[in-house]
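Everything below concerns the one structure shown next.
The values are calculated or read from the model by the stated rules, or taken from the named source; none is laboratory data. Computed from a predicted model, the values in this text were never measured in an experiment. With ideal geometry, Cβ positions are generated from the backbone for all residues, glycine too; neighbour counts draw on all protein chains shown. For the accessible areas, the whole protein counts, side chains as well, though only heavy atoms, and no ligand, DNA or RNA atoms are used. Shrake-Rupley method; radii C 1.70, N 1.55, O 1.52, S 1.80 Å.
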Amino acid sequence: MTVARRGKRWIEEWDPEDTAFWADGGERIARRNLWFSVLSEHIGFSVWSLWSVMVLFMGPEYGIDPAGKFFLVAIPTVVGGVLRVPYTFAVARFGGRNWTVMSALLLLVPTVAAAFVMEPGTSYTTFLVVAALTGVGGGNFASSMTNINSFFPLRKKGWALGLNAGGGNIGVPVIQLLGLLVIGTAGAAHPRLVLGVYLPLIVLAALCAALFMDNLAPVTNDTGAAKEAARDPHTWIMSLLYIGTFGSFIGYSFAFGLVLQNQFAQTPLQAASLTFIGPLLGSLIRPVGGKLADRFGGARITLGNFAAMGVATGVVIAASVRESLPVFLVGFIALFVLTGLGNGSTYKMIPAIFQAKAVSRGLAGEAAAAYGRRLSGAAMGLIGAVGALGGLGINLAFRQAFATGGSGTPAFVSFLVCYALCAAVTWAVYLRPSVPEPDAQAEEPQRTAYAEV
């Protein structure tokens, strides 16, 4: 199935929905590409979240107040979110393997730049520019997910996309654990040790992608599909839901350490020893969210998840008011776990929604599957980009809350309202019983067209 084309590894024919094709080598190739995609995306997430660790090294000698630090960790989220759109189209333009190599090597730029500027006396503007460069790590998610979405059949997408994203998300707690190790052993004056570890890992990820991944020739950029996806209201509805899940995950991951330092007066070492726990659990649970969505339907899992996120946020608010660090940690870590579950279930919903649209239009079999792949692939980049901007909102909300009141409680109240809205939208659009026609004789209420999403 793999042939030479323009001197690169290209697969000319790919039909994962064909069970015979899948059993006769297709699954093996898809899994191989998945594992090395996970590696590259993992390093990308680590670089994207680099400044959530670097700010823990920035003591009073750096002259940056808490509001300035929250803004510093917010900048990579907006850059990464914007880059997700062109990164989505890069897979078809250059090939999944080729773009994985290129995007991995691009991670060297912000990592080397951070090594040069990470010292007291550097201007705040310079820190902002270098932090913005780490946004390229956020873009990696979109291209990786678009690529893996093309390799797997619909029945396996929840598991595959959840594993790909979860393996990438683990890059956040891994770099935070490394930061803890450096602070605990060498002290807070040696942030460059963290960067020194990642430079060879970036090269390794690029090399593995070059040696072991493939390009899919059937995957092409479809500007018509992109325009159609942008016009479809479900793209924007899912963008809102993804803000609530992934936006919360990445926003909390970047802000957790700063919240602990400023609300509970934790030292850099104390904050670093706790910061990684939530992102780690949230990352590990993401494939479970996809697996549950494969079995029970993404909308059902997502609705229950938002309800649980509301409860966990209530616990965090109560702990903030009472200034109870143990209860705060229980509530916040529960939020991380739930964002991970929700990440998996919401992303599973995207291909299922467009598959359901195909069926509602009278398509069936491969025609319906092709329509679903075409629209879901185009929608994923946009949904991922908008969802990532939720991380910007999280950090700006914390920045304002701490700047005006010295506490993150008002920010958490706003997040609670957001989760309630997301739960209501999920139920109303994808699970609400529809009103029967006046002449309908059905004994049970009709369901919306997307009840099984």
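Taking the 1.4 Å solvent-accessible surface of the chain as the whole, the part contributed by carbon and sulfur is 66%. The distance between label points at ARG28 and LEU211 comes to 1.9 nm (points 7 Å beyond Cα on the Cα→Cβ vector). Specify which residue in the list LEU281, ALA379, PRO268 is farthest towards the positive end of the charge dipole of the range 262-403, using unit charges on the beta carbon of Lys, Arg (+1) and Asp, Glu (-1), about the Cα centre. Going by the charge dipole, the pick is ALA379.
Among the lysines of the chain, pairs that are 8 or more positions apart or on different chains and have alpha carbons within less than 30 Å of each other number 15. Model label sites at ALA370 and VAL129, defined 7 Å from Cα along the beta-carbon direction, differ in position by 5.0 nm.
Sort 230-241, 126-137 for me by packing, meaning the mean count of neighbouring Cβ atoms within 10 Å per residue, highest on top.
Numbers: 230-241: 18.6, 126-137: 21.2.
Going from most to least packed, we get 126-137, 230-241.
Rounded to the nearest 10 square angstrom, GLU27 shows an accessible area of 60 square angstrom against a 1.4 Å probe.
Please grab the % of Cα pairs in the range 318-404 that end up more than 22 Å from each other. That tail contains 50 percent of the Cα-Cα pairs. Charged side chains reduced to their Cβ positions (Lys and Arg at +1, Asp and Glu at -1) give the range 1-128 a dipole of some 360 debye around its Cα centre.
For the range 1-105, the normalised intensity computed at q = 0.11, 0.16, 0.20 Å⁻¹ comes to -0.54, -0.85, -1.11 (log10 of I(q)/I(0), Debye sum over alpha carbons, equal scatterers, no solvent). For ARG192, the accessible area of its heavy atoms, probed at 1.4 Å with every protein chain present, is near 100 square angstrom. Probing with 1.4 Å while keeping every protein chain in the model, the per residue accessible area of the chain equals 37 Å².
Taking N as the residue count of the range 260-350, its C-alpha radius of gyration divided by 2.2 N^0.38 Å amounts to 1.20.
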